[in-house]
Every structure is written in C-alpha cells, then in structure tokens.
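A short worksheet on the structure shown next.
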Amino acid sequence: MAKRVALVTGAGSGIGRASALSLAANGYAIGALGHSGHELEDVVRKIETNGHDAVLLNADISDEGQMREAVAVLLKRYGRLDVVVANAGINGVWAPIDDLSLEEWNKTIAVNLTGTFLTIATTVPLLKASGGGSIIVVSSINGTRTFTTPGATAYTTTKAGQVAMVQQLALELARHHIRINAVCPGEIDTNIEANTSLRHEEETAIPVIWPEGQVPITGGRPGRSEDVAEVITFLASDRARHITGSPIWVDGGQGLLR
C-alpha cells in the first residue's frame with residue numbers, strides 16, 4: 001500500500017504532466033489518467049525512471065463507466081487515494097453565440113464541467129476512506145477574472161462553473177477533512193490550443209493593444225506549466241491545510257490587465 005497517492009487527469013501533457021512529475025518528486029504515487037496513450041506512457045516511464053511509482057489509467061473523464069473503472073484500478077493498485085488533480089479539459093469551439101451549435105456547446109460542457117463532476121464524484125469515497133485529502137481543480141482566468149476571449153462562451157461558462165463547484169463543495173467536504181481549491185491559470189505554454197476551434201473571431205473580439213505583451217510579470221511571455229504545478233503541489237500538501245474553497249490565479253497579472 002502506497003504511503004500517499006495522487007490522481008492526475010489530463011496527465012499526458014501541459015499542466016497535468018508537470019503536476020504528475022512534481023507530485024511524484026514530492027513522494028506521491030501517481031495515477032496518470034487520460035486518453036492520449038503514448039503521452040501517458042511517456043509520463044509514467046519518466047516517473048518510474050526517476051525512482052517513483054505510477055500507473056497509467058486510460059479513461060475519458062466525461063464517461064462515468066470509464067472513470068469508475070479507472071478509479072477501481074487505482075484503488076486495487078495502491079489501496080488508497082489522498083490527492084485529486086482535476087486538470088483535464090478542452091478549449092472547444094470559440095464562436096459567436098448565434099453560430100455556436102448545441103453539439104459544440106454540449107461537448108465543452110461534457111468534458112470540462114461534467115468531467116470535473118465525475119472526477120470528484122468517483123474519487124471522494126476514496127478520499128473519505130483515507131481520512132481526508134485535497135482536491136485541486138484546474139480552472140482558468142477566463143470566466144473567473146476575464147471575459148475578453150473572443151467567442152469563448154461555452155469555455156468560460158465551464159470555468160466559472162468549476163469555481164462555483166469548488167466553493168460549494170468546500171463546506172460539504174470539510175467535515176470529511178477534504179480540502180478543495182481551484183487554480184486559475186492565465187496564458188501557459190501548454191498544447192490546449194490543439195483542442196480549440198476559433199470561428200468568426202472578428203465578430204466577437206474586442207481590439208486591444210497590450211503594453212509590453214499581456215503577461216506583465218514576464219514581459220509578455222506565457223507562464224510555464226511548472227508554475228501552475230508548483231501551486232498544485234502546494235495545495236496538495238499539508239502546508240495548505242487551512243486553505244479550502246479558494247480560487248488562486250496563476251497568471252502573472254494577466255487577468256488584471258485584461
């Protein structure tokens with residue numbers, strides 16, 4: 001039975017990958033969950049090469065059956081769960097509201113919001129059985145601090161919904177010694193753009209000239225996945241024992257400028 005175990009969704013790349021590596025380096029066995037097989041294999045291999053333990057979990061976070069099966073595999077492997085990083089998500093389609101189809105809306109809601117719900121709902125029983133733990137939901141500055149991304153209605157709705165879910169559950173889960181918080185990154189060097197379809201930007205964009213780029217603290221450069229992973233690792237640890245129900249913006253001041 002592992003001493004401490006963390007489940008990370010979307011662990012194959014970007015913030016999920018950086019978080020899995022950071023948590024492993026801090027003594028957690030990792031359940032690396034996602035549906036990008038070769039990327040997950042690479043993460044698990046890297047964790048094991050560094051002398052730590054990890055298991056690959058193939059699942060679509062929007063599919064309840066797959067999530068329950070993945071969590072069962074994790075429990076069988078390690079016997080417990082202490083930390084959940086609900087990171088997996090997509091940008092989806094960004095388009096004017098009257099050009100956004102119901103199918104496109106539903107896809108973004110299913111992955112980002114229903115997927116977060118299923119990630120939490122399927123793992124909370126394990127956290128309760130462990131006597132408590134920490135849940136970290138990866139939201140965004142979009143929908144929580146800024147609303148200027150052209151056509152991102154579905155995306156910002158899911159990100160705002162994630163923070164509302166965190167704050168609602170903070171009180172519900174407190175009696176079980178489970179903390180839950182949200183990190184809200186700004187522009188980060190991930191590959192989430194691969195899950196983005198931008199349509200008719202000229203109909204929704206607000207023209208702005210950013211002074212020295214849009215991330216003030218870095219002179220305009222995007223943040224790194226590791227910048228977010230370090231905050232996630234902190235929130236997972238006992239050092240964050242008195243923090244729950246809180247959104248934490250990791251955006252280099254970008255959200256204040258926008």
Residue-wise HN-Hα coupling along region 95-104, computed from phi with Karplus coefficients 6.51, -1.76, 1.60 (Hz; x: Gly, Pro) = 7, x, 4, 7, 10, 8, 7, 4, 4, 5
In order through region 176-185: 3J(HN,Hα) via Karplus (6.51 cos²θ - 1.76 cosθ + 1.60), integer Hz, x for Gly, Pro = 9, 6, 10, 8, 9, 9, 10, 9, 10, x
Calculate the dipole size of region 5-257 relative to its Cα centre from +1 charges on Lys and Arg beta carbons and -1 charges on Asp and Glu beta carbons; express the result in debye to the nearest 20.
-> 1120 debye
With point charges of +1 on the Cβ of Lys and Arg and -1 on the Cβ of Asp and Glu, referenced to the Cα centre of region 5-257, which listed residue (A86, T122, T9) lies farthest in the positive direction of the dipole?
-> T122
Per-residue HN-Hα couplings for region 6-20, Karplus 6.51 cos²θ - 1.76 cosθ + 1.60 at θ = phi - 60°, whole Hz, x for Gly and Pro?
-> 10, 9, 10, 8, x, 7, x, 7, x, 5, x, 4, 4, 5, 4
Could you list which residues have their amide H under 5 Å from that of V84, counting only those 5 or more apart in sequence or on another chain, with H placed in the peptide plane?
-> L7, S134, I135, I136
Compare the Cα positions of V163, A174, T233 along the charge dipole of region 5-257 (+1 at Cβ of Lys, Arg; -1 at Cβ of Asp, Glu; about the Cα centre) and return the one farthest towards the positive end.
-> A174
With runs of 4+ DSSP H residues as the only contributors, calculate the mean residue ellipticity of the chain at 222 nm using -39,500 (n - 2.57) per run, divided by the residue total and rounded to the nearest 500.
-> -12000 deg cm²/dmol
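Find the all-direction average of the projected area of the Cα convex hull for region 5-257, expressing the result in square nanometres with one decimal place. Please list the in-between numbers first.
On the way: hull surface 52.4 nm².
Averaged projected hull area, Cα only: 13.1 nm².
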Amide H neighbours of T148 at under 5 Å, excluding residues fewer than 5 places away on the same chain, with H built from the backbone geometry, are none
What size of dipole, in debye to the nearest 20, comes out for region 1-64 about its Cα centre when the only charges are +1 on Lys and Arg C-beta atoms and -1 on Asp and Glu C-beta atoms?
-> 380 debye
Which residue fluctuates the most in the chain, going by a Gaussian network model with Cα springs under 10 Å, if the choices are A229, A174, A110?
-> A174
Links exceeding 26 Å between C-alpha atoms in this model, out of K3/K107; K107/K159; K3/K128; K76/K128; K46/K76, come to K3/K107
Under a GNM of the chain (C-alpha, springs under 10 Å), which listed residue has the highest mean-square fluctuation: S101, S22, S225?
-> S101
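Throughout, read-outs are computed from the coordinates displayed, never taken from laboratory work. The model shown is predicted, which means the values in this text are computed figures rather than measured ones. Positions of Cβ are generated from backbone atoms using ideal geometry, with glycine treated the same way; all protein chains shown enter the neighbour counts.
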